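Structure record follows, encoded as structure tokens.
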Amino acid sequence: MTTIIMVLIGITLLSIAILISVRPWRQALISRRVFATYKRILPQMSDTEREALEAGTVWWDGELFRGNPDWNKLLAYPVPKLSAEEQSFLDHEVEEACALVDDWKVTSEDFDMTPEAWQYIKDKGFLGMIIPKKYGGLEFSAFAHSQIVTKLSTRSSSLSVSVMVPNSLGPAELLLHYGTDTQKNHYLPRLAKGLEVPAFALTSPWAGSDAGSIPDVGIVSKGVWKGQEVVGMRVTWDKRYITLGPVCTILGLAFHLYDPDGLLGDKKHIGITCALVPRDTPGADIGRRHVPLNAMFMNGPTRGQEVFMPLDYVIGGPGMVGQGWRMLMESLAAGRSISLPSSNAGMAQLTARTVGGYARVRSQFKMAIGRFEGVEEPLTRIGAYTYMMDAVRKMTAGAIDLGERPSVVSAIAKYHVTERARQVVNDGMDIVGGKGICLGPSNFIGRAYQQLPIG
């Protein structure tokens, strides 16, 4: 009896082994049934979730998920380089912009950059680095954009953020990809020369990174616009943390658009829509300025209650209503690949330069503190992390210049570079000790430490 049982068990195990090893049998009898069961259990993917997953392009980051990356393929990509024009701008205009800003005065006395600094970055095209030359912009590469933001970040967060935001996710970026010719011809030259200051209002008190959950709504309706009855939108919004909001002249606005009366078609919920709203639009309100941890870049709320605006305000015109989610998902890579990695890499470079020098000249027990083992360890970490962050920054910016929209690798860069910056500055504070916690004109790391959570 025991022998028979053992034979039956052996036959069963052998059958299972054969079934698993033969792919067509495994797929037909096991895999399809298991997948069918999971398909019934899992919730259905929404259109917005699908668009988010499909946004951007798969670049070299696809190699990371294969489990066996082809490093030679990565090394074969061209090294990003600045043009002569871009290098000259970095050597002259960027240096002059830095010289015009005293971060201590900005954060402790004036609570803003000087009018001269604001006018300089407008006149020299800092706000239009991504805008093509045919519209009056600088048309710099993504790498140049990254280099400039990195340098400005070593001087002042107010300066770097004021330059970074107009060249990131916002009106100019969206207009370039989706705007009508009329919108481009009107706004882009004005944005390039600083005649318009843009802001983009996405975040609300109830939805931050989850753009699909914004509660702001627009209702398609008829109304009077410039003396004529037209089909437009009555938009209600409540946004906060909007960078450059307090000084903007043109507001990019994201909201859910509904058409209950069927004025545009049969679809009642048209979807997330992006519009350009001039600040002086009747009913548009800019609230009290925020003060984000003494980082004095302009930031604040904006609100509106049933503000009527024509469909021509929609980025891309009436034909692009409901396409805002796709616009946002496809354009986020620039901000993630350039803005946050560059600004945080700049902060790390500032820390490495200043803390490294301090550890060399500050002595205790007749020895430079940089030679103490307890200081050597965080100094080494600062150097290593700063090198890593700068490499990631150059890699992602280079990908954009190659025509990629690296949504996955840019998200990885955003998270890890900001987190490494936190660790670098924390290590720097541990080394400088009391000099770091006493704020004043000579404190080179205190404000960076204070503003870390913003990133």
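The values are calculated or read from the model by the stated rules, or taken from the named source; none is laboratory data. Quick caveat, the model's predicted, so the values are computed rather than measured. FYI the Cβ positions are ideal-geometry reconstructions off the backbone, even for glycines, and counts take in every protein chain you see.
Here are Gly271, Gly265, Gly283: which of them is surrounded by 15 or more Cβ atoms within 10 Å (Cβ to Cβ), assigned to a loop (DSSP other than H, G, I, E, B), of a type outside the set (D, E, K, R) and in contact with an Asp or Glu (Cβ under 9 Å, 6 or more places away or on another chain)?
Values: Gly271 fails: assigned to a loop (DSSP other than H, G, I, E, B); Gly265 fails: surrounded by 15 or more Cβ atoms within 10 Å (Cβ to Cβ).
When all the criteria are applied, what remains is Gly283.
Please give the number of the condition Pro69 fails out of (1) touching a residue at least 12 places away in the same chain (Cβ under 8 Å); (2) in a loop (DSSP other than H, G, I, E, B); (3) in contact with a Phe, Trp or Tyr (Cβ under 9 Å, 6 or more places away or on another chain); (4) exposed (fewer than 15 other Cβ atoms within 10 Å of the Cβ).
Of everything listed in (1) touching a residue at least 12 places away in the same chain (Cβ under 8 Å); (2) in a loop (DSSP other than H, G, I, E, B); (3) in contact with a Phe, Trp or Tyr (Cβ under 9 Å, 6 or more places away or on another chain); (4) exposed (fewer than 15 other Cβ atoms within 10 Å of the Cβ), Pro69 misses just condition (1).
For Ala36, indicate whether it is part of a helix (DSSP H, G or I), surrounded by 13 or more Cβ atoms within 10 Å (Cβ to Cβ) and either modelled with pLDDT under 80 or outside the structural domain of Arg393 (by TED's automatic domain parsing) (or both). So that I can check it myself, show each step before the final result.
Working: part of a helix (DSSP H, G or I): yes; surrounded by 13 or more Cβ atoms within 10 Å (Cβ to Cβ): no; either modelled with pLDDT under 80 or outside the structural domain of Arg393 (by TED's automatic domain parsing) (or both): yes.
So Ala36 fails the test.
Quick check on the range 422-429. Is at least one of its residues of a type in the set (Asp, Glu), outside the structural domain of Phe143 (by TED's automatic domain parsing) and over 21 Å from the mean Cα position of the chain (by Cα)? Can you show your working first?
Filtering the range 422-429 down to residues of a type in the set (Asp, Glu) leaves 427.
This time we only want the ones that are outside the structural domain of Phe143 (by TED's automatic domain parsing), so: 427.
Going one step further and asking which of them are over 21 Å from the mean Cα position of the chain (by Cα), we end up with 427.
Yes, the range 422-429 contains a residue that is of a type in the set (Asp, Glu), outside the structural domain of Phe143 (by TED's automatic domain parsing) and over 21 Å from the mean Cα position of the chain (by Cα).
Name, by its number, the condition in (1) at pLDDT 95 or above; (2) surrounded by fewer than 17 Cβ atoms within 10 Å (Cβ to Cβ) that does not hold for Pro301.
Condition (2) is where Pro301 drops out.
Quick check on this structure: which one of Asp261, Asp266 is in contact with a strand residue (DSSP E or B) (Cβ under 9 Å, 6 or more places away or on another chain) and over 24 Å from Val165 (Cβ atoms)?
Details: Asp266 fails: in contact with a strand residue (DSSP E or B) (Cβ under 9 Å, 6 or more places away or on another chain).
Residue meeting the stated conditions: Asp261.
Filter the range 214-238 for residues that are in a loop (DSSP other than H, G, I, E, B) and of a type outside the set (Gly, Ala, Ser) and give the result. I'd like the intermediate steps shown before the answer.
Start the filter on the range 214-238 by keeping residues that are in a loop (DSSP other than H, G, I, E, B), which leaves 214-216, 226-227.
Selection gives Ile214, Pro215, Asp216, Lys226.
Can you tell which of Ser209, Ser221 is out of contact with any helix residue (DSSP H, G or I) (no Cβ under 8 Å at 6 or more places or on another chain), of a type outside the set (Val, Ile, Thr) and modelled with pLDDT of 95 or more?
Working: Ser209 fails: modelled with pLDDT of 95 or more.
Residue meeting the stated conditions: Ser221.
The rows are residues; the columns are (1) outside any helix (DSSP H, G or I); (2) more than 12 Å from Cys98 (Cα to Cα).
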residue: Glu139; (1), (2): yes, yes
residue: Phe143; (1), (2): no, yes
residue: Gln147; (1), (2): no, yes
residue: Leu152; (1), (2): no, no
residue: Pro166; (1), (2): no, yes
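Sort out which residues of the range 423-442 are in contact (Cβ under 8 Å) with a residue 40 or more places away in the chain and not in a helix (DSSP H, G or I), and write them in order of number. If you could, list the steps in order and put the result at the bottom.
The first filter runs over the range 423-442 and keeps only residues in contact (Cβ under 8 Å) with a residue 40 or more places away in the chain, leaving 423-425, 427-428, 430-432, 435, 439-441.
Listed by number, the residues that qualify are Leu439, Gly440, Pro441.
State all residues of the range 408-434 that are of a type in the set (S, T, N, Q) and buried (at least 24 other Cβ atoms within 10 Å of the Cβ); if no residue qualifies, say none. Walk me through how you get there before you give the answer.
Looking only at the range 408-434, we keep the residues that are of a type in the set (S, T, N, Q), and these are 410, 418, 423, 426.
Matches in the range 408-434: Ser410 only.
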